[in-house]
Amino acid sequence: MDDSAPPAPASLSERIRARIQAAGQRYHANDNIAQFIDGQQELGALEDEVAQRIQGLLEALVIDTESDHNTHGTARRVARMFLHEVFKGRYYPMPRVTEFPNAERLNELMIVGPITVRSACSHHLVPILGKLWIGVLPSEVSNLVGLSKYSRLADWIMSRPQIQEEAIVQLADLIEARLRPEGLAVVLEADHFCMHWRGVKDESHMINSVMRGVFLHNAESRKEFLQLVRGGGG
Ligand SMILES: [Zn+2]
């Protein structure tokens, strides 16, 4: 190899990774990296690179994408699905959510759900489908957001390769930071298709919860929330 040869130009994913590293940020599967991608045009170029690499994956799987019309466009379809649909929570900025002050000084427990959760496990990239409930107890100084915004935020967090336990902590952190409620409770009940699909029957269904503030410290509040979720959620 000639030492004087210029280094091969970095791929776009390498350049994006270098920007993230320079900023000292994490880029795990469930981290959002939208701020390091320069607009729709660059995202389009990243889609080209991902499509190319998925084509390589299909070739490694010894699938004849030339004569098999079913898989001819698969690499492009999967790249598009990953970047713009099922993993969009990594590549797109947080949806716009406008907070407003608690002018009426509401202090009643409010529950949103069941919100449909569509995610994928970080281990196998296979779907996780489930239902989510969010309970918020506002204080006089809390911010509020419209009810539909909770599902938008949840969708943004879940549309990434996830781990169920980390997903609800990320969602709780996000809601807590924006609303500063007196109490916050999140319950997620989900089916892990990597278990169903691969025939590993154990623990395919998983329920977990995060309790903050009054729901953590007050057993009565927690009980009230869980009873309402069970009564309404089915
Ligand atoms: Zn899995």
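The values are calculated or read from the model by the stated rules, or taken from the named source; none is laboratory data. Since the model is a prediction, treat every value here as computed from it, not as a measurement. Virtual Cβ from ideal backbone geometry, glycine too; neighbours counted across all protein chains shown. We work out accessible area using only protein heavy atoms, side chains counted, and drop any ligands, DNA or RNA first. Shrake-Rupley method; radii C 1.70, N 1.55, O 1.52, S 1.80 Å.
Suppose we keep only residues that are of a type in the set (A, V, I, L, M, F, W, C) and open to solvent by 50 Å² or more (accessible area, probe 1.4 Å) within the range 19-48. Which one would you say is nearest to LEU174 (Cα to Cα)?
ALA23
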Members of the range 57-91 that are among the small types (Gly, Ala, Ser) and under 22 Å from HIS124 (Cβ atoms): ALA60, ALA75, ALA79, GLY89
Subset of the range 96-117 [at pLDDT 95 or above and loosely packed, with under 15 Cβ neighbours inside 10 Å]: THR116
Search result, residues across the range 118-150 that are among the polar types (S, T, N, Q) and crowded, with 19+ Cβ neighbours inside 10 Å: SER119, SER142
Condition met for ILE54 (open to solvent by 40 Å² or more (accessible area, probe 1.4 Å), under 30 Å from VAL126 (Cβ atoms), out of contact with any Cys (no Cβ under 7 Å at 6 or more places or on another chain) and β-branched (Val, Ile, Thr)): no
Pairs with Cβ under 7 Å, 6+ apart, first in the range 43-57 and more than 16 Å from ARG90 (Cβ to Cβ) and modelled with pLDDT of 95 or more, second surrounded by fewer than 18 Cβ atoms within 10 Å (Cβ to Cβ) and of a type in the set (Asp, Glu): none
Selection status of LYS149, in a strand (DSSP E or B), among the basic types (Lys, Arg) and farther than 14 Å from GLY89 by Cα: no
Of the criteria (1) within 30 Å of LEU83 (Cα to Cα); (2) surrounded by fewer than 19 Cβ atoms within 10 Å (Cβ to Cβ); (3) among the hydrophobic types (A, V, I, L, M, F, W, C), which one LEU171 fails: (2)
Pick from the range 198-223, criterion out of contact with any Pro (no Cβ under 9 Å at 6 or more places or on another chain), assigned to a strand (DSSP E or B) and open to solvent by less than 40 Å² (accessible area, probe 1.4 Å), ranking: farthest from the ligand (Cβ to nearest atom): MET211
Hits in the range 102-145 - residues which are farther than 19 Å from SER159 by Cα and either of a type in the set (S, T, N, Q) or within 16 Å of the ligand (Cβ to nearest atom) (or both): ASN102, ASN107, SER139, SER142, ASN143
Tally of residues being without any contact (Cβ under 8 Å) to a residue 12 or more places away in the chain and either within 11 Å of the ligand (Cβ to nearest atom) or acidic (Asp, Glu) (or both) across the range 175-197: 2
